[in-house]
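Peer 1: Please read through the structure below; I'll follow up with questions.
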Amino acid sequence: MRIDILSAVPSLLESPFSDSILKRAQEKNIVEIYIHNIRDYSTSKQKSIDDYAFGGGAGMVLSIDPIDKCIKQLSKERDYEEIIYMSPDGELLNQSICNQLSTQLKNVIVICGHYKGIDQRIRDHIITREISIGDYVLSGGELAAAVLVDAVIRLIPGVLNNETSALTDSFQDNLLAPPVYTRPSNYNGWKVPEILTSGNLKAIEKWRHEKSIEQTTKRRPDLLK
Ligand code: ADE
C-alpha cells in the first residue's frame, strides 16, 4: 500500500511513522508513506496556503490551489482509489472501516485540514471520503491521519509478527479484548486467574471469550446490539 499524506505542518507526522510497527512495515516494503508539505505547492510569493473566508468570519481557510496542484502531480504517477479528508464532520472511524481500507486500498491520499477547514470546493470535487476519529475537534488533521494510518497498516498481512494478534484485537468481533497477564503469577498477593496457568487451552479459550463478553456488556453494551 502507498499512502501520501498532505499536510500544512508535516513535522507533526514525523515521529508516528519512524518507530516500532509502522517503521518496520515500511522497512519490509509492505507500505510506503510519503508526507507532502502543502506549502511546497503554493505559487504565491509568500508561499501562503490559506486565506480569509469569503463572507467574513473568524479563522483562515486552506486554499484550493496548492492542494489541487499536489494531488494532480501525484495522480500523474498512479491512480488513487481514495482521497480521504480528515475532518470532525466525516464518518466516524471504526474497526470495520479500518479492515475495509486495509484490504481494498493500494494507493491512497490523506489530506490533513487546518485552521477553519479547507475550501469547500476541494471537498465537493476532489475528496472521495471524509473520516473523523471522534466527536471532538483537534487543532489539525495530522494526529487524526496518524491514527487512521496506524489502525489500517497494522491490519495488513505481514505487518504484525503474529498475525493472529490483530485478529484478537478489541472490536474485531464487536467484542472488547479479554484481560491479559504476564509473569510473575503472584505479585505481592495479586494473583493471575488460575485457569491461565492450567495449561488447558480449550478452557482458556472459553474463559477469554466469556471475559470478552463480560467486559463488553459492562463497558460497551452498544457493541452487542
Ligand atoms: N481534524 C480535527 N478534528 C478531527 C477529528 N476529530 N477527526 C478527524 N480529523 C480532525
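The values are calculated or read from the model by the stated rules, or taken from the named source; none is laboratory data. Bear in mind the structure is a predicted one, so any value in this text is a computation, not a measurement. No Cβ is skipped: glycine too gets one built from the backbone with ideal geometry, and neighbour counts run over all protein chains shown. The protein model used for the area step is the full one, side chains on, heavy atoms only, and it has no ligands, DNA or RNA in it. Shrake-Rupley method; radii C 1.70, N 1.55, O 1.52, S 1.80 Å.
Peer 1: Checking the conditions here, which among D79, D40, D68 is more than 21 Å from A25 (Cβ to Cβ), surrounded by 15 or more Cβ atoms within 10 Å (Cβ to Cβ), at pLDDT 95 or above and not polar (S, T, N, Q)? Break it down into steps so the answer makes sense when it comes.
Peer 2: Details: D79 fails: surrounded by 15 or more Cβ atoms within 10 Å (Cβ to Cβ); D40 fails: surrounded by 15 or more Cβ atoms within 10 Å (Cβ to Cβ).
The match here is D68.
Peer 1: Restricting region 105-118 to residues that are at pLDDT 95 or above and surrounded by fewer than 20 Cβ atoms within 10 Å (Cβ to Cβ), which is nearest to the ligand (Cβ to nearest atom)?
Peer 2: Looking at the filtered set, the residue picked out is L105.
Peer 1: Next question, about the same structure. Answer yes or no as to whether K28 is open to solvent by 80 Å² or more (accessible area, probe 1.4 Å) and either touching a Lys or Arg at 6+ places or on another chain (Cβ under 9 Å) or without any contact (Cβ under 8 Å) to a residue 60 or more places away in the chain (or both).
Peer 2: For K28, the condition - open to solvent by 80 Å² or more (accessible area, probe 1.4 Å) and either touching a Lys or Arg at 6+ places or on another chain (Cβ under 9 Å) or without any contact (Cβ under 8 Å) to a residue 60 or more places away in the chain (or both) - is not met.
Peer 1: Go through the residues of region 124-144 one by one and say whether even a single one is within 19 Å of Y34 (Cβ to Cβ), in contact with a helix residue (DSSP H, G or I) (Cβ under 8 Å, 6 or more places away or on another chain) and away from the ligand (no atom under 12 Å from the Cβ).
Peer 2: yes
Peer 1: Scan region 148-175 for residues that are open to solvent by 40 Å² or more (accessible area, probe 1.4 Å) and assigned to a helix (DSSP H, G or I) and jot them down.
Peer 2: D150, T164, S165, L167
Peer 1: On to the next question. Sort out for me the helices (runs of 4 or more DSSP H) sitting completely within region 1-110 that have 3 or more residues that are assigned by TED's automatic domain parsing to the domain that holds E130, out of contact with any Gly (no Cβ under 8 Å at 6 or more places or on another chain) and of a type in the set (D, E, K, R). Give the steps one after another, and end with the answer.
Peer 2: Working: elements: 20-27, 64-77, 95-104.
Ranges flagged: 20-27, 64-77.
Peer 1: Residues that are open to solvent by less than 60 Å² (accessible area, probe 1.4 Å), within 16 Å of the ligand (Cβ to nearest atom) and β-branched (V, I, T): does region 51-62 have at least one?
Peer 2: Looking for residues that are open to solvent by less than 60 Å² (accessible area, probe 1.4 Å), within 16 Å of the ligand (Cβ to nearest atom) and β-branched (V, I, T), one finds at least one in region 51-62, hence yes.
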